[in-house]
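The values are calculated or read from the model by the stated rules, or taken from the named source; none is laboratory data. Here the structure is a predicted model, which means the values were calculated and not measured. Every residue, glycine as well, gets a Cβ built from its backbone with ideal geometry; the counts of neighbours run over all protein chains shown.
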Amino acid sequence: MIRPIRTLSAFGLAITAAALTVSPASACSDHTKPIAVGGVDGFASLANPANSAILRKSCKVSLYIHDYIWTRLKHGNPTRQKILNVFKGTGPAMLELGASANASAYFGTYYKQTYLARGVIAHIANINGAGGLTLPQWRAYVAGGRADGLKTLAPVFAPNVNQLWHHGKIDRHVWDQNKRRALIGGGIAIDAPPSFFFWYTPDYRHFIVHEIQWANQNHLRSILIISPNTARRRFLSDTQLMVAYLRKRNAIPTNYVVENYDPLPWPKNFINLVGSETSPYSVTGVALWMTTLFPNPPA
């Protein structure tokens, strides 16, 4: 079992272990990495290279860009360019986008101006609100994304609200629709914060295991989104326990995202910022521990 790291000194050991396998960022392959790091609260901290130095040199981590904060960054384009420059050489970014019923306008105008024109290269996007599109609209959206270079457009789905459950069973229609969208888009993103994962019901945990296994069995990308929710100082230990739980049940995602996504204004005294990899409570700190799940950099 993967043991939780609960102290700063133990976290220092994890950093040391990760540092043993680092390489110059320029030596990393241009393939999609198994971990993507980013978020909303404190995303601008990634403009400082010191906050992600070991992460980037591990060749196991790429940039995660959440559309919400990408268009709201203080100082705009200069900050965006600094972040892109810091992560240059780590492979394609991964994005989190919103669904749109007007795919031609979204990808023909907004996506090109917001991402392509600024030099963002991405092959995977996790899509919020995909369930609000009809299947023909979703097919058009996926086609638009692929025309602009995206290879996988994964609907974000996890049954995190009571309305999706009936006597301990997931709403079958909703799950069937999400499976169809995943098969069209090439993957599914599972939004299951570790603290929520253990707080919610056993049926929920069983379903998350099933969701990952279903995607893997169908040769899709299974993308697990790790976020702090209410974890605070437990963010790292909750993540470690969740990873161990899933591995024990042979539910191993193909990709991990480590992020936070609370909208503005940010909560006071929030400690799970994107921050620096030297903090065990930050998004980057948790991502640094997760690099130890992959002994060797991907080819």
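The one condition from (1) within 16 Å of the chain's Cα centre (by Cα); (2) more than 30 Å from Ala287 (Cα to Cα) that His167 does not meet is (1). Within the range 147-161, one or more residues are in a strand (DSSP E or B) and of a type in the set (Ser, Thr, Tyr). Of everything listed in (1) buried (at least 18 other Cβ atoms within 10 Å of the Cβ); (2) at pLDDT 55 or above; (3) more than 16 Å from Gly89 (Cβ to Cβ), the single unmet condition for Phe11 is (2).
Suppose the filter is free of Cβ contacts under 8 Å to residues at least 60 places away in the same chain, exposed (fewer than 15 other Cβ atoms within 10 Å of the Cβ) and not in a helix (DSSP H, G or I); does His173 pass it? Criteria not met by His173.
Residue-wise test of (1) of a type in the set (Ser, Thr, Tyr); (2) at pLDDT below 95; (3) farther than 17 Å from Asn126 by Cα.
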site: Pro24; (1), (2), (3): no, yes, yes
site: Asp30; (1), (2), (3): no, yes, yes
site: Lys33; (1), (2), (3): no, no, no
site: Ala44; (1), (2), (3): no, no, yes
site: Ala53; (1), (2), (3): no, no, yes
site: Tyr64; (1), (2), (3): yes, no, no
site: Gly76; (1), (2), (3): no, yes, yes
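Counting the residues of the range 38-74 that are over 15 Å from Thr114 (Cα atoms) and either part of a loop (DSSP other than H, G, I, E, B) or small (Gly, Ala, Ser) (or both) gives 17.
Taken as a whole, the condition of being of a type outside the set (D, E, K, R), touching a residue at least 60 places away in the same chain (Cβ under 8 Å) and outside any strand (DSSP E or B) does not apply to Gly144. For the range 121-137, the set of residues classified as within 14 Å of Pro92 (Cβ to Cβ) and β-branched (Val, Ile, Thr) consists of Ile121, Ile124, listed by residue number.
Residues checked against (1) among the hydroxyl-bearing types (Ser, Thr, Tyr); (2) at pLDDT 95 or above; (3) under 25 Å from Tyr245 (Cα atoms):
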residue: Ala147; (1), (2), (3): no, yes, no
residue: Leu150; (1), (2), (3): no, yes, no
residue: Val161; (1), (2), (3): no, no, yes
residue: Ile190; (1), (2), (3): no, yes, yes
residue: Pro194; (1), (2), (3): no, yes, yes
residue: Tyr200; (1), (2), (3): yes, no, yes
residue: His206; (1), (2), (3): no, yes, yes
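Do you know which of the residues in the range 106-134 that are of a type in the set (Gly, Ala, Ser) and farther than 12 Å from Leu150 by Cα is surrounded by the most Cβ atoms within 10 Å (Cβ to Cβ)? Once the filter is applied, the top-ranked residue is Ala130.
Residue by residue, here is whether (1) within 22 Å of Asn229 (Cα to Cα); (2) in contact with a Cys (Cβ under 8 Å, 6 or more places away or on another chain); (3) at pLDDT below 95 holds:
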{"position": "Asn128", "(1), (2), (3)": "yes, no, no"}
{"position": "Trp138", "(1), (2), (3)": "no, no, no"}
{"position": "Lys169", "(1), (2), (3)": "no, no, yes"}
{"position": "Arg180", "(1), (2), (3)": "no, no, no"}
{"position": "Gly185", "(1), (2), (3)": "no, no, no"}
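Return yes when Val243 is in contact with a strand residue (DSSP E or B) (Cβ under 8 Å, 6 or more places away or on another chain), crowded, with 18+ Cβ neighbours inside 10 Å and modelled with pLDDT of 95 or more and no when it is not. Considered against the rule, which asks whether it is in contact with a strand residue (DSSP E or B) (Cβ under 8 Å, 6 or more places away or on another chain), crowded, with 18+ Cβ neighbours inside 10 Å and modelled with pLDDT of 95 or more, Val243 comes out as no.
I'd like the full set of residues that are surrounded by fewer than 21 Cβ atoms within 10 Å (Cβ to Cβ) and not polar (S, T, N, Q), limited to the range 93-105. The answer is Gly98, Ala99, Ala101, Ala105. Scanning the range 75-92 for residues that are surrounded by fewer than 20 Cβ atoms within 10 Å (Cβ to Cβ) and assigned to a loop (DSSP other than H, G, I, E, B) yields His75, Gly76, Lys88, Gly89. Where residues in the range 192-240 are aromatic (Phe, Trp, Tyr) and within 21 Å of Arg180 (Cα to Cα), which of them is surrounded by the fewest Cβ atoms within 10 Å (Cβ to Cβ)? For the range 192-240, the residue satisfying everything is Trp214.
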